[in-house]
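The block underneath contains the structure these notes are about, expressed in structure tokens.
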Amino acid sequence: MASKDFYKINAVREKFAGRFGVIVAMSGSAIGLGNMWRFPYMVGQNGGAAFILLYVVMLLLISLPVFITEYMLGRRSRSNSFRAFGKLSGKKVWNFAGILCILTSFCMMSFYCVVGGWTVKYMLESFTLNMAQGADFSIRFNEFISSPVSPIAYTAIFLVLNAVIICAGVRKGIERFSKIMMLVLFAIIILVTVRSLALPGSVDGLKFLFKPDFSKIDSSVMMSALGQSFFSISIGGGAILTYGSYVRDSENIVSSSAVVVGLDTLFAIFAGMAIFPAIFAIANMNGTIPEIEAGPGLVFITLPYIFQKMPLGGIISVLFFFNLLMAAVTSSISQMEEFVAFLLEECKLKRVTATIIASTVYVICGTVCSLSFGVLSDVSILGNSIFDFMDKLTSNVMLTCGGLFIVLFASWILKKEDFIDELSNHGSLGIPLWLLNVLFILVRFVAPVGIIAIFLSNIL
């Protein structure tokens, strides 16, 4: 059983002000860099609309139930991710699952803040139009990330942006920022999409994205859809659990989770419509074959070139990289808040102090990851650079293990009555019992199989 001291700490925890704040904060956590540079590419390469249909099926069967479960554990425990499992089970041995969540968030931020620093650099350059100077964007990007000073400075700036928001607290910081930025994110991505679709030849980009090709759907593509649906909505690392612990008892977890997952998918589709029609349009103008890729190469090499070539490209560049930066920040503050919540409640620190400590630790770890492109490029961990190792360790192992422990705990350790009681708000919501039973079955039997499949696919 939890001690009286725990409940004393728990009693003063902040809460989100209302439903809209919950939805935008969790949507911000889910919408990140992967929505901009990975999902659209996977859609185009793996069957277009056929892949989207498969992706939605995987969301409904596996990833959404996991999201709901992590959210539910956070609200029911009213605790940071480290203590949540032990509190709900009454057994300290389950604290290991919380420790894994904290470590996952820590490792993820170690490299994510570096990429966040890159977005700061390119956003500032798009304002000054410096990206229009020089034709070889690949050389410029590689020179930048291999520098021993510049990317670290931008990483620090990115973390300062996070720290300012976190220091203001849950309601005045995270919720207020998310309310503004989520509206801005969608407004900008729609504007960029409209401009991209107005270019001659953009229809080829839409065909690349949405033309259904069911012949491409095989076991490999199914695993890609499952893996993307899992990683896209920020589950398995404890960030949603932490945000869930700030949610009021009256909130409908099931419906708000569905809205968050829907917004995440919608944003990713808009991102694809903003990016690939422009790439195809410029390629058609130049008489070249479009360069189709995913990851940093797409947004930091290909797109700056595209913006340089397209009419009003300078304005579009500013809007796009500002959007990219805000998407990175809304995701990273959820990871930082998880660590800060741990320091607040377990170390009895003030929020400002905990934020400074977390930011300092992330600057140090981010520096090491950043230097893996330069002075530490010869350092290898299991055949990977430090940056790539942290990325693969988090994505391939820690997030999947965290997600597995979450669903196993919620469906086998937590009582079924408690599971249904929390999701129905003690029976006050009127959610059909059959729906809650189906959800419990998905969490208990289907989700673990899916997560194990993702893990094995990543490892093999």
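Take the solvent-accessible surface of the protein heavy atoms, probe 1.4 Å, and return the percent of it on region 5-85 that carbon and sulfur atoms account for. Could you put the intermediate results ahead of the total?
Numbers: 1500 of 2320 Å².
C and S fraction of accessible area: 65 percent.
On a straight-distance basis, which aspartates and glutamates could pair with Lys172 in a cross-link, Cα separation under 15 angstrom, same-chain partners fewer than 8 positions away excluded?
Partners found: Glu14, Glu337.
Sorted by mean Cβ packing within 10 Å, highest first, what order do the peptides 308-319, 359-370 take? Can you show the working numbers first?
On the way: 308-319: 17.8, 359-370: 20.3.
By packing density, highest mean first, the sequence is 359-370, 308-319.
Extension gain Val375-Ile452, at 0.36 nm per residue separation less the Cα-Cα distance, in nm? List each step's numbers first, then the result.
On the way: separation 77, 0.36 × 77 = 27.72 nm, distance 3.70 nm.
Gain in length upon complete extension: 24.0 nm.
By the gyration tensor of its Cα atoms, with a ≥ b ≥ c the square roots of the eigenvalues, what is the shape of region 61-110: rounded for a/c under 1.5, prolate for a/b over b/c, or oblate?
Values: a/c = 1.90, a/b = 1.03, b/c = 1.84.
Verdict is oblate for region 61-110.
Pairing the Cα long axis of helix 447-459 with the longest principal axis of the chain, what angle in degrees results, from 0 to 90 and rounded to the nearest 10?
40
Please compute the per residue accessible area over region 305-431 with all protein chains in place, 1.4 Å probe, rounded to a whole number of Å².
On the way: 5040 Å² over 127 residues.
In whole numbers, region 305-431 has 40 Å² accessible per residue.
Looking at the square roots a ≥ b ≥ c of the eigenvalues of the Cα gyration tensor of region 350-400, which shape do they give, rounded for a/c under 1.5, prolate if a/b is larger than b/c, or oblate?
Details: a/c = 4.61, a/b = 1.53, b/c = 3.01.
The shape class here is oblate.
Considering only C-alpha atoms, what is the centroid distance from region 198-262 to region 337-404, in Å?
Between the Cα centre of region 198-262 and that of region 337-404, the gap is 24 Å.
Can you pull the one-decimal nm distance between simple spin-label points at Asn384 and Asn396, each 7 Å off the Cα toward Cβ?
The modelled label-to-label distance comes out at 0.5 nm.
In the structure shown, do any of Lys121/Lys309; Lys92/Lys350; Lys92/Lys392; Lys179/Lys350; Lys92/Lys348; Lys309/Lys392 have a Cα-Cα gap over 27 Å, and if so which?
Values: Lys121/Lys309 20 Å; Lys92/Lys350 25 Å; Lys92/Lys392 29 Å; Lys179/Lys350 25 Å; Lys92/Lys348 19 Å; Lys309/Lys392 35 Å.
In this structure, Lys92/Lys392; Lys309/Lys392 lie more than 27 Å apart at Cα.
Which angle from 0 to 90°, rounded to the nearest 10, does the C-alpha axis of helix 313-346 make with the longest principal axis of the chain?
Relative to the chain, helix 313-346 is tipped by roughly 20 degrees.
Test of understanding: what is the full-extension gain from Ala258 to Cys347, defined as 0.36 nm times their sequence separation minus their Cα-Cα distance?
Values: separation 89, 0.36 × 89 = 32.04 nm, distance 3.46 nm.
Length gained, Ala258 through Cys347: 28.6 nm.
Residues of region 221-247 with the amide nitrogen closer than 16 Å to a label point 7 Å from the Cα of Leu60, along Cα-to-Cβ, please.
Answer for this model: 226, 229.
Could you give the length gained by full extension between Val438 and Thr128, i.e. 0.36 nm per residue of separation minus their alpha carbon distance, to one decimal place? Please report the intermediate quantities before stating the final value.
Values: separation 310, 0.36 × 310 = 111.60 nm, distance 5.41 nm.
Gain on extension, Val438 to Thr128, equals 106.2 nm.
Kirkwood hydrodynamic radius, computed over distinct alpha-carbon pairs, for region 286-364: how many Å, to one decimal?
Numbers: mean 1/r = 0.0642 Å⁻¹.
For region 286-364, the Kirkwood estimate is 15.6 Å.
How many percent of all Cα-Cα pairs in the chain sit more than 29 Å apart? Walk me through the numbers before you get to the answer.
Details: 49096 of 105570 pairs.
The calculated P(r) of the chain puts 47 percent of pairs beyond 29 Å.
Under 1.5 on a/c is rounded, so check that first for region 45-156, then, if it is not, pick prolate when a/b is larger than b/c and oblate when it is not; a ≥ b ≥ c are the square roots of the alpha carbon gyration tensor eigenvalues. Write down the numbers at each step before the final one.
Numbers: a/c = 3.48, a/b = 1.65, b/c = 2.11.
Oblate shape, in that a/c is at least 1.5 and b/c is the bigger or equal ratio.
Given the -39500 (n - 2.57) contribution per DSSP H run of 4+ residues, what per-residue ellipticity at 222 nm results for the chain, rounded to the nearest 500 deg cm²/dmol?
Values: 23 runs with 319 residues, N = 460.
Mean residue ellipticity at 222 nm (helix-derived): -22500 deg cm²/dmol.
Counting heavy atoms of the protein chains only and a 1.4 Å probe, report the per residue accessible area for region 67-136 as a whole number of Å².
On the way: 2270 Å² over 70 residues.
Here the residues of region 67-136 average 32 Å² of exposed surface.
The values are calculated or read from the model by the stated rules, or taken from the named source; none is laboratory data. The shown structure was predicted, so the numbers you read here are calculated from the model rather than taken from an experiment. Virtual Cβ from ideal backbone geometry, glycine too; neighbours counted across all protein chains shown. Heavy atoms of the whole protein, side chains included, go into the accessibility calculation; ligands, DNA and RNA do not. Shrake-Rupley method; radii C 1.70, N 1.55, O 1.52, S 1.80 Å.
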